[in-house]
Amino acid sequence: MCLRAFSQGEEENYRAILKENWGMQSSVTDPAAGNQISKPGFKSDAWYKVSVPTTVIAGLIANKVYNFDPFYGRNFDKLGDPRMDKPWWFRREFDLPESENGKNVVLKLHGINYKANVWLNGVLIADSTQVIGPFRIIELDITKQIKYKGPNVLAIEVKRPFNPQKRGGDLAIDYADWIHYPPDFNNGIINNLEIKTFSKVGVEYPLVTTKFDLPSLTVAHLQVDAMAINYSDKAEDAMVKGKINGDIHFEKKVHLMPHEKKQITFSPADYPQLNIKDPRIWWPWEYGKPELNRIELSMVHGNELSNELSESFGIRQITSVFIDNQKARKFIINGKPIMLRGAAWSPDIFERRSKLREEQELKLVRDMNMNIVRSEGKLEDDGFYDLCDKYGLLVMSGWMCCGSWQYPEKWDAAKRSIAMASDSSVMYWLRNKPSMLVWLNGSDMVPRDKTVETDWLAIEADLKWPNPTAGSAAENISKVSGSTGVKMAGPYDWVPPSYWEADTGKYGGTWSFATEISPGPSIPPYESLIKFIPKDSISNQSPDWIYHCGTGNFGNTKIFDTALYTRYGTPASMMEYLKIAQAQNYEGHRAMMEAYGLKKYNNATGVVQWMLSNPWPSLIWHTYDYYLYPAGTYFGMKKSMEPLHVMYSYKSNDVNIVNSFLEKFTGLKVKAEVFNLDGSLKFSKETTAEVDGDGTRECFAIPAINGLSNLYFLRLELKDAAGKVKSINWYWLSNKADELNWKKSTWYYTPQNGFADFTDFKNLPATTLDVHHITSKSGENTIHKITVTNTGKSVAFFVHLRALNGNGGDDILPVIFDDNYLLLAPGETRTIDCSYEDRYAGNGKPYISVSGWNIDAANSKIGVDAGFEK
């Protein structure tokens, strides 16, 4: 199989990805030896048919070995199998095309978890002391063992990691307190495995680094680096040739000793054509287009082309500076500071990767107006990074907590060697990806063996990592690299909306760059819960409920539940609990992101929600659930990060504008209205304002208002100079404030002495709606334009719109709504776009379902193919 184009951004003249037609089997079930398994004619008919990458359990699931859904209830426990502790074989036959006869052949392993014996055509070509570590790229010259004619047989005996979650365990994938560990500990091949060919020499791992004459962006000074390799036993002379965007040419002669690997550099000083005028610049999506350019490199030996490759790169320059006495790190891209707000990515628990799923999720990231994702030590595949490059999303990555990776002082010489080789591999792999923002050489702490950080930094410098590095994701001061300028000070469980602005320098509030932080649980809606919890177990005290929380301190939702019961009143049923949970999810997550946006560059420089998504269906730490259902947390997040946004400060009572564009806006109209519980208007104020690019503007304060009900509503509206509405933002507030008990703060939350009082929601008067929609098509997408009018006299609260696959059908997912969980003033009309790809819509006729907290459905009006939920 010859693949020129194998990802969104890369091409080579010959690279065969060995993806399909693998056999997988336990060494217990089939005890044959490697020299037998790796020969043609070996009987593997009874083996499981899998595609690679795959873990053992993922392969078994794909083969329908289990007669149960491992995510449902506590079925996950049923996956236990003593064979998981023993090696598993992966076998594949392949042929080389005739065009590759006589060439040097390289087997490239990217992601063996955890170690393996590798056999080819009856010969052990590398053992498990050589092939070890899931983040390493291991290249094996198999020229002597390859058959240029006839079938080749590759057999890989993979052995699982042991105790990666413990000090002194294997340097593998660790999930800490996120989830239960899969019993195979992700044993398998977790990234690409490929065959490449060369004519004695080759060129690999291109890097294009940009320098601007800041603040000017009119000229980009590009430096090109790559690795030249001699695969032969003799010294060789060759020519490395390069092209950028097809019309900028450069070349260099290179002399290579036998089996030498040499870094080569084309500098803009030596190659003036690399000083590019009016370049196509890669920007994060809020600041401009994420323009991609093209680098092509080839190696010519004599008159023969040995290999050629091309891939996309970004013309961009990322640096960072410290503010607030080095407590906060501010990132700067192309000379412009950027406030980073996003969430932490999580791979599937069984390391199943899908291009479709990655694109679905990253589209949701963009829809929430996030500009960064963090990947804590798990690392993804090329498709993930290609999509981030394409969509203008930045990526924070680095080594993981909390097991063996976190304790290098416990490593022996072999583990240290694995760690160093892993760092080198990751640098080569990720250094040319424009989406990469920063590399963290630790997660919860800097390496406690300072020589490890020293050696990692030396590798990163030698391989010309073009972006900032930090010693960890926490507020540490490294003896090697100094202050990190970031923090990991919690919280990870529920705190009220007022928390974020109230803390200004000790915990998780709006200061520094918070690399992982969250107001805790995100309770999925009923429609998702019934997919993984039996209906009779949907109770926040049931064993199944608790099983789908985290582990350790996060093994239940008690802190969240206590706040919900006290603030909103004890629910009469679990259905009412789930309804209220969406409101508490919304207000808690919105407040966090809003507060960081408001305080940007004023001590606060970034925030990463822990987490974006879950490795399996869970009740905690996500913005959308495992089934891609966007609920309260999602829309609170989306609202808070509107690029041009109006918001309320829980601390100062001020109304503010937050602008995440580089453009300055003038002539903005800002309006605030306060409504009592009965819907009567108690306060209204409007003003004109302007806001600088990437700036904030304090507009006016909400004053003390006489005659307010205990529970009241604040509506904010922002229009541009042309009168177009840019932001509508509602708050539900109480005359009784949430009160935090700072003295009893822990690393994961701050308890409360008092709670806001929203119990009067039970007295919210009913109102009526008029709902209708029109449907249109755009290519392979359906768009519903849904118009909702509040025809009653009280505020319509949390009007939830859903698109279903027919009346009574399932939700169409993934789906994009402009806005959701709406509040509408008496007489107010909102028009919301809902869009989805037709392939997700099923066979039913699309149906719009509408619900709310206080909707009088009997006296409301609704159009065809739509209805109010009972």
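Remarks
- Among all positions in region 165-173, there is at least one residue which is modelled with pLDDT under 95, polar (S, T, N, Q), buried (at least 19 other Cβ atoms within 10 Å of the Cβ) and within 23 Å of G550 (Cβ to Cβ).
Okay, residues lined up against (1) under 21 Å from N152 (Cα atoms); (2) modelled with pLDDT of 95 or more; (3) open to solvent by 10 Å² or more (accessible area, probe 1.4 Å):
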| residue | (1), (2), (3) |
| --- | --- |
| K19 | yes, yes, yes |
| V28 | no, yes, yes |
| K43 | yes, yes, yes |
| I57 | no, yes, no |
| P70 | no, yes, yes |
| R83 | no, yes, yes |
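- Listed by position, the strands (runs of 3 or more DSSP E) contained in region 132-242 that have at least 3 residues being touching a helix residue (DSSP H, G or I) at 6+ places or on another chain (Cβ under 9 Å) and closer than 30 Å to F384 by Cβ are 152-159, 201-212, 219-230.
- Count of residues meeting criterion [touching a Leu at 6+ places or on another chain (Cβ under 8 Å) and in a helix (DSSP H, G or I)] in region 836-862: 1
- The sole residue among L394, L379, L387, L364 that is surrounded by 20 or more Cβ atoms within 10 Å (Cβ to Cβ), out of contact with any His (no Cβ under 9 Å at 6 or more places or on another chain) and within 21 Å of A604 (Cα to Cα) is L394.
- Taking the listed residues D865, D810, the one that is more than 20 Å from K777 (Cα to Cα) and at pLDDT 95 or above is D810, with no other qualifying.
Every residue, every condition in (1) assigned to a loop (DSSP other than H, G, I, E, B); (2) at pLDDT below 95; (3) farther than 15 Å from E869 by Cα; (4) among the aromatic types (F, W, Y), yes or no:
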| position | (1), (2), (3), (4) |
| --- | --- |
| H784 | no, no, yes, no |
| K793 | yes, no, yes, no |
| F798 | no, no, no, yes |
| L801 | no, no, no, no |
| L804 | no, no, no, no |
| D819 | yes, no, yes, no |
| L823 | no, no, yes, no |
| T831 | no, no, yes, no |
| C834 | no, no, yes, no |
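- Scope region 659-694; condition in a loop (DSSP other than H, G, I, E, B) and either more than 15 Å from G597 (Cβ to Cβ) or in contact (Cβ under 8 Å) with a residue 40 or more places away in the chain (or both); matching residues: S660, F661, L662, E663, K664, N676, L677, D678, G679, S680, D694
- Residue satisfying all of: in region 440-470; open to solvent by 10 Å² or more (accessible area, probe 1.4 Å) and acidic (D, E); modelled with the lowest pLDDT among these: D444
- Only one of the listed residues (S573, S498) is surrounded by fewer than 21 Cβ atoms within 10 Å (Cβ to Cβ), in contact with a Phe, Trp or Tyr (Cβ under 7 Å, 6 or more places away or on another chain) and among the small types (G, A, S). That residue is S498.
- Matching residues in region 185-230 - criterion: being aliphatic (A, V, I, L, M), surrounded by fewer than 20 Cβ atoms within 10 Å (Cβ to Cβ) and out of contact with any Asp or Glu (no Cβ under 8 Å at 6 or more places or on another chain): L214, L217
- Among (1) closer than 22 Å to E516 by Cβ; (2) in contact with a Ser or Thr (Cβ under 9 Å, 6 or more places away or on another chain); (3) at pLDDT 95 or above - the single one M647 does not satisfy: (1)
- Subset of region 606-658 [closer than 18 Å to M592 by Cβ and small (G, A, S)]: G606, S613, A631, G632, G636, S640, S649, S652
- Test: residue in region 585-599 that is in contact with a helix residue (DSSP H, G or I) (Cβ under 7 Å, 6 or more places away or on another chain) and within 22 Å of S539 (Cα to Cα): yes
- Selection status of F313, open to solvent by 10 Å² or more (accessible area, probe 1.4 Å), at pLDDT 95 or above and aromatic (F, W, Y): no
- Applying a threshold of 7 Å to beta carbon distances and a minimum spacing of six or more residues, or different chains, the list of pairs starting in region 283-307 at a residue that is under 30 Å from T197 (Cα atoms) and in contact (Cβ under 8 Å) with a residue 60 or more places away in the chain and ending at one that is of a type in the set (S, T, N, Q) and open to solvent by 30 Å² or more (accessible area, probe 1.4 Å) reads N293/N245; N307/N13.
- Here D127, D95, D77 are screened, and the one residue that is farther than 24 Å from D184 by Cβ, more than 27 Å from the chain's Cα centre (by Cα) and not aliphatic (A, V, I, L, M) is D95.
The values are calculated or read from the model by the stated rules, or taken from the named source; none is laboratory data. All figures in this text were calculated on a predicted structure; none of them were measured in a lab. Here Cβ is always computed from backbone atoms with ideal geometry, including for glycine, and neighbour counts include all displayed protein chains. To get the accessible areas, we keep the full protein, side chains included, count just its heavy atoms, and leave off ligands, DNA and RNA. Shrake-Rupley method; radii C 1.70, N 1.55, O 1.52, S 1.80 Å.
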